[in-house]
1. Could you list all residues from the range 20-36 that are of a type in the set (Lys, Arg) and in contact with a Gly (Cβ under 8 Å, 6 or more places away or on another chain)?
2. Can you tell me which residue in the range 1-53 is farthest from Val71 (Cα to Cα), limited to those that are small (Gly, Ala, Ser) and out of contact with any Asp or Glu (no Cβ under 9 Å at 6 or more places or on another chain)?
3. Which one is modelled with the highest pLDDT among residues in the range 178-226 that are closer than 30 Å to Leu99 by Cβ and of a type in the set (Lys, Arg)?
4. Could you look through the range 130-156, keep only residues that are acidic (Asp, Glu) and not in a loop (DSSP other than H, G, I, E, B), and pick out the one that is farthest from Leu202 (Cα to Cα)?
5. Given the options Ala54, Ala58, Ala84, Ala115, name the one that is modelled with pLDDT of 90 or more, touching a Phe, Trp or Tyr at 6+ places or on another chain (Cβ under 7 Å) and in the same structural domain as Tyr203 (by TED's automatic domain parsing).
6. So which residues in the range 126-165 are surrounded by fewer than 20 Cβ atoms within 10 Å (Cβ to Cβ) and touching a Phe, Trp or Tyr at 6+ places or on another chain (Cβ under 7 Å), if there are any at all?
7. Output the qualifying pairs, or none if there are none: Cβ atoms under 6 angstrom, residues six or more apart or on different chains, first residue in the range 36-57 and polar (S, T, N, Q), second residue surrounded by 17 or more Cβ atoms within 10 Å (Cβ to Cβ).
8. For the range 8-18, does any single residue satisfy the condition of being more than 22 Å from Ala167 (Cα to Cα), hydrophobic (A, V, I, L, M, F, W, C) and buried (at least 19 other Cβ atoms within 10 Å of the Cβ)?
Amino acid sequence: MPREIANHAAVRNHARRVGLKPSETLLDRSYHHATMGKLKDNNKRGRPDIVHFALMEALGTPLFLKGMLRVYVHTVNDKLITIADNLRIPKSYLRFEGLMVGLFRDKAVKSDEGAVLMETSDDTLAGLLDAIKPGKVIGLSTTGVQGTAEKAVAENFADDCAFVVGAFPRGHFSESTTRLLNLTYSISDIGLEAHVVIARILYECEKLLEIGIHHEGDEKRRQVGA
């Protein structure tokens, strides 16, 4: 919860209903719409459900399950969430919400055996890209070069590419993000939701790698929730 609105009545009332401190609740437009007008770029904030859908899509693919995909979430206030290999995200949004509250409070989520499944740190998107050093950084946006998911992957796949997808309901990448991109593609003549874009891009990656839909060791996946 952003500090500038944490003391607003709507935030306090919702926090009381869910049994949390106002500062430890997730900003959610469903509950906090009345006070979000005070926030910068408020039209791009308060939709954790979009991140939930996006993670379920990415972490459920054979590409991720075979250890060939790294997934990160970068927030508007420069918090970086690092996802461990073989993580399985809760399908229930309420359980996901609880998971994220715990993550931001404790800085990490661990398995019963003590393995770190998710952790958060302070870092910019530029800092992340400098650390992982992809050959290319490709954005997906309606403002990009018109093409297809197949083209976006085929033209950049050999360079250990990083794909950047905006997990916000409307708007476009900020100027600071756009400057980090080598190229931006628009893979449809209509606006697509983030999880749909992710599904199409990752499927094209799997086609090039000839990854099938069947995979071993499914029962060995570490779980955060069912």
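The values are calculated or read from the model by the stated rules, or taken from the named source; none is laboratory data. What you see is a predicted model; the values in this text were computed from it and never measured. Heads up, the Cβs are rebuilt from the backbone with ideal geometry, glycines too, and the neighbour counts pull from every protein chain shown.
1. Keep residues of the range 20-36 that are of a type in the set (Lys, Arg), which gives 21, 29.
Passing the criteria: only Arg29.
2. Within the range 1-53, the subset small (Gly, Ala, Ser) is 6, 9-10, 15, 19, 23, 30, 34, 37, 46.
From what is left, the residues that are out of contact with any Asp or Glu (no Cβ under 9 Å at 6 or more places or on another chain) are 6, 9-10, 19, 23, 34, 37.
On the way: Ala6: 30, Ala9: 36, Ala10: 33, Gly19: 31, Ser23: 27, Ala34: 33, Gly37: 31 Å.
Here the residue is Ala9.
3. Step by step, filter the range 178-226, then rank; the result is Arg200.
4. Asp130
5. On the way: Ala54 fails: touching a Phe, Trp or Tyr at 6+ places or on another chain (Cβ under 7 Å); Ala84 fails: touching a Phe, Trp or Tyr at 6+ places or on another chain (Cβ under 7 Å); Ala115 fails: touching a Phe, Trp or Tyr at 6+ places or on another chain (Cβ under 7 Å).
None of the other options fit; the residue is Ala58.
6. Residues satisfying the conditions are Leu128, Gly144, Val145, Gly147.
7. As it stands, the answer is Asn42/Met36, since those pairs meet every condition given.
8. So far as the range 8-18 goes, yes, one or more of its residues are more than 22 Å from Ala167 (Cα to Cα), hydrophobic (A, V, I, L, M, F, W, C) and buried (at least 19 other Cβ atoms within 10 Å of the Cβ).
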